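Below is one structure, written out as structure tokens, with a few remarks after it.
Read-outs throughout are calculated quantities, based only on the coordinates presented, and are distinct from any laboratory measurement. Small disclaimer: the values here were computed from a predicted structure and weren't measured. Every residue, glycine as well, gets a Cβ built from its backbone with ideal geometry; the counts of neighbours run over all protein chains shown.
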Amino acid sequence: MQAKALGLVEKGTKGRLAIRFRDEKSLQEFATSNQLVYDNSQQRWKVTGIPLQAGIQGLHQLLASLGWEVLEIIYQGEDSAVSTSKNRGKDAPVHFRYLDQPRAVRFKAINLAARKEAESTAKASRTPKQEVNERAKAQQAFLKRLEATAKVSSPAKTTGKRQQEGHTGETPEPKR
């Protein structure tokens with residue numbers, strides 16, 4: 001069976017080429033038919049906010065302290081790095097001070113495995129819709145009870161417009 005490739009693309013400016021596929025199944029079929037190694041279990045994450053001076057070891061220590069099981073740091077540049085990991089550690093924005101300036105470290109899922117992990121974690125943290133509806137109904141019932149007990153009426157409804165004091169819309173008198 002022949003895999004269906006969408007096309008050939010150039011990655012970066014150094015002439016590296018890549019084949020694009022419509023889905024992961026086609027990619028897997030192509031890899032097995034051409035005796036290529038394809039491992040989609042590694043999550044690839046981009047970390048921004050890490051200064052280059054931290055070095056690979058400093059970046060690795062930071063990620064390990066946040067619970068990431070780093071397999072490899074692929075790239076580290078001026079303000080970002082790309083790494084592979086077995087799991088997703090704590091990826092809430094982390095803040096630290098560098099050269100007396102506050103910096104935020106942020107994480108972004110790059111490949112499919114990382115995006116799936118991020119999506120499953122986000123779904124698990126969301127409040128179920130049924131709870132939200134129940135909460136909204138409870139709030140509406142509370143507001144109705146308040147209206148019934150307090151008999152709140154606004155002054156604009158009972159007295160009409162409020163009278164303006166002084167001359168409005170006119171140029172003020174000069175200071176003396």
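Quick look at the numbers
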{"item": "Top of Gly12, Gly77, Gly89 by mean-square fluctuation, Gaussian network on the chain, Cα under 10 Å", "result": "Gly12"}
{"item": "Listed residue (Ala141, Gly7, Ile50) projecting farthest to the positive dipole end of the chain, Cβ model", "result": "Ala141"}
{"item": "Residue among Gly169, Ala124, Ser41 farthest towards the positive dipole end of the chain, charges placed on Cβ", "result": "Gly169"}
{"item": "Segment Ala124-Ala141, length gained on full extension (0.36 nm per residue, minus Cα span)", "result": "3.2 nm"}
{"item": "When each of Lys86/Lys116; Lys46/Lys86; Lys4/Lys25; Lys46/Lys90; Lys11/Lys108 is checked by Cα-Cα distance, pairs over 18 Å", "result": "Lys11/Lys108"}
{"item": "Sparse-neighbourhood loop sites, trypsin sites (Lys or Arg not before Pro) in the range 1-95 - DSSP loop, at most 15 other Cβ within 10 angstrom", "result": "Lys4, Lys14, Arg22, Lys86, Lys90"}
{"item": "Correct option for Rg/Rh (Cα atoms, Kirkwood Rh) [calculated from the coordinates] among (i) 1.04; (ii) 0.99; (iii) 1.30", "result": "(iii)"}
{"item": "Charge tally in the Cβ shell below 14 Å around Gln28, where Lys, Arg are +1 and Asp, Glu are -1, Gln28 excluded", "result": "-1"}
{"item": "Dipole moment magnitude, nearest 20 debye, the chain about Cα centre, only Lys, Arg, Asp, Glu C-beta charged", "result": "720"}
{"item": "In Hz, Karplus ³J(HN,Hα) per residue of the range 137-150 (6.51, -1.76, 1.60; θ = phi - 60°; x = Gly, Pro)", "result": "5, 5, 5, 5, 5, 4, 5, 5, 5, 4, 4, 5, 7, 8"}
{"item": "MRE, 222 nm, helices only [DSSP H, n ≥ 4, -39500 (n - 2.57), over the chain, to nearest 500]", "result": "-11000 deg cm²/dmol"}
